[in-house]
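First comes the structure, then the notes that go with it.
Just so it is clear, none of the values below were taken in a lab; they were calculated from the coordinates. Please read all numbers here as calculations on a predicted model, not as lab measurements. Cβ atoms come from the backbone with ideal geometry, glycine included; neighbour counts cover every protein chain shown.
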Amino acid sequence: MLALQERDLAVAAVQKDLDALLPEEAVLDAELAAQTKALDDAQAAVGSAETRRQELEARIAGYKQMQERRRQQLEYVRGAKEAATMMAEIDMARGVLVKEEAEFVRSADWVIEAEKKLKDQVKAHAAVVALQAEARAALAERRGAIEARLATAAEARAGAAEAVRSQLLVRYERIRRGRTPVVLVPLRQDACSHCNTAVPLQRRQLILQGQSLESCEGCGVLLYVEE
Ligand SMILES: [Zn+2]
């Protein structure tokens, strides 16, 4: 059973090596995620610049139509005062239209600018992917090697478990799933070396004689005597 515990500790150690890779992998993932987000943002910016341009175009077309209608109405207006009001309206609308058209011209620049930024982001993203390739390959190789060690350790563990009587194995597994990191703990003087709870003389003798496997009353681990 001590051999089984040793195997379990070996498996845990390899698992720890595997977990130790996670921060390095996380750094790469975070870097790539940030770059991907920048790329998505740039893509969205192109979309909204194009939308803005289309909206302006549609609005200008609408203004032009309204202006045309005013001009037509002006032809039928008879009163001088009414005509003056209409003329003022047309003038004002013309001013608005001039502004909107200037904005439309600028909007073309926004689209070009956004597209340029997108191009830069595509390049930057590709650069990060290329830059990470080596580090990711190295990490994958390390992970593969550790996983192979883990498989070997797990196999050895399974072998050791087979050597333990099933009744004891059940007990061992139950304790292992509990809070203590180890299942078998040596007696230190007359106490459990895990939690320091004193073990009564009678039980100590049973343990010493190897007649039964006693568990600690304090923490529940199985006690044994070190050679
Ligand atoms: Zn104990």
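If we keep just the residues of the stretch 194-212 that are surrounded by 16 or more Cβ atoms within 10 Å (Cβ to Cβ) and either assigned to a loop (DSSP other than H, G, I, E, B) or on the phi > 0 side of the Ramachandran plot (or both), which is nearest to the ligand (Cβ to nearest atom)? Top of the filtered list is HIS194.
Output yes when any residue across the stretch 91-105 is assigned to a helix (DSSP H, G or I), of a type in the set (Phe, Trp, Tyr), touching an Asp or Glu at 6+ places or on another chain (Cβ under 7 Å) and surrounded by 15 or more Cβ atoms within 10 Å (Cβ to Cβ), and no when none is. If you could, list the steps in order and put the result at the bottom.
In the first step, residues of the stretch 91-105 are kept if they are assigned to a helix (DSSP H, G or I); the result is 91-105.
Going one step further and asking which of them are of a type in the set (Phe, Trp, Tyr), we end up with 104.
Right, trim to touching an Asp or Glu at 6+ places or on another chain (Cβ under 7 Å) and you get 104.
Going one step further and asking which of them are surrounded by 15 or more Cβ atoms within 10 Å (Cβ to Cβ), we end up with 104.
Checked the stretch 91-105: at least one residue is assigned to a helix (DSSP H, G or I), of a type in the set (Phe, Trp, Tyr), touching an Asp or Glu at 6+ places or on another chain (Cβ under 7 Å) and surrounded by 15 or more Cβ atoms within 10 Å (Cβ to Cβ).
Can you tell me which residue within the stretch 149-168, out of those that are in a helix (DSSP H, G or I) and of a type outside the set (A, V, I, L, M, F, W, C), is surrounded by the most Cβ atoms within 10 Å (Cβ to Cβ)? Only one residue tops the list, namely ARG157. Inclusion of ALA148 among residues that are aliphatic (A, V, I, L, M) and under 38 Å from the mean Cα position of the chain (by Cα) is warranted.
Considering each residue of the stretch 43-81, count those that are of a type outside the set (Asp, Glu) and farther than 30 Å from ALA124 by Cα, and give that number.
Taking the stretch 43-81 first, the residues of a type outside the set (Asp, Glu) are 43-49, 51-54, 56, 58-67, 69-74, 76-81.
Pick out the ones that are also farther than 30 Å from ALA124 by Cα and you get 56, 58-67, 69-74, 76-81.
Number of matching residues: 23.
Pick from the stretch 169-193 the residues that are part of a helix (DSSP H, G or I) and not β-branched (Val, Ile, Thr): which of them is nearest to the chain's Cα centre (by Cα)?
Checked the stretch 169-193; the qualifying residue nearest to the chain's Cα centre (by Cα) is ARG176.
Criterion first (closer than 30 Å to GLU162 by Cα and either of a type in the set (A, V, I, L, M) or more than 22 Å from the chain's Cα centre (by Cα) (or both)) does ALA34 satisfy it? Judged against the criteria, ALA34 is not a match. Only one of (1) over 20 Å from ASP17 (Cβ atoms); (2) within 16 Å of the ligand (Cβ to nearest atom) fails for VAL182. Which number is that? With (1) over 20 Å from ASP17 (Cβ atoms); (2) within 16 Å of the ligand (Cβ to nearest atom) applied to VAL182, the lone miss is (1).
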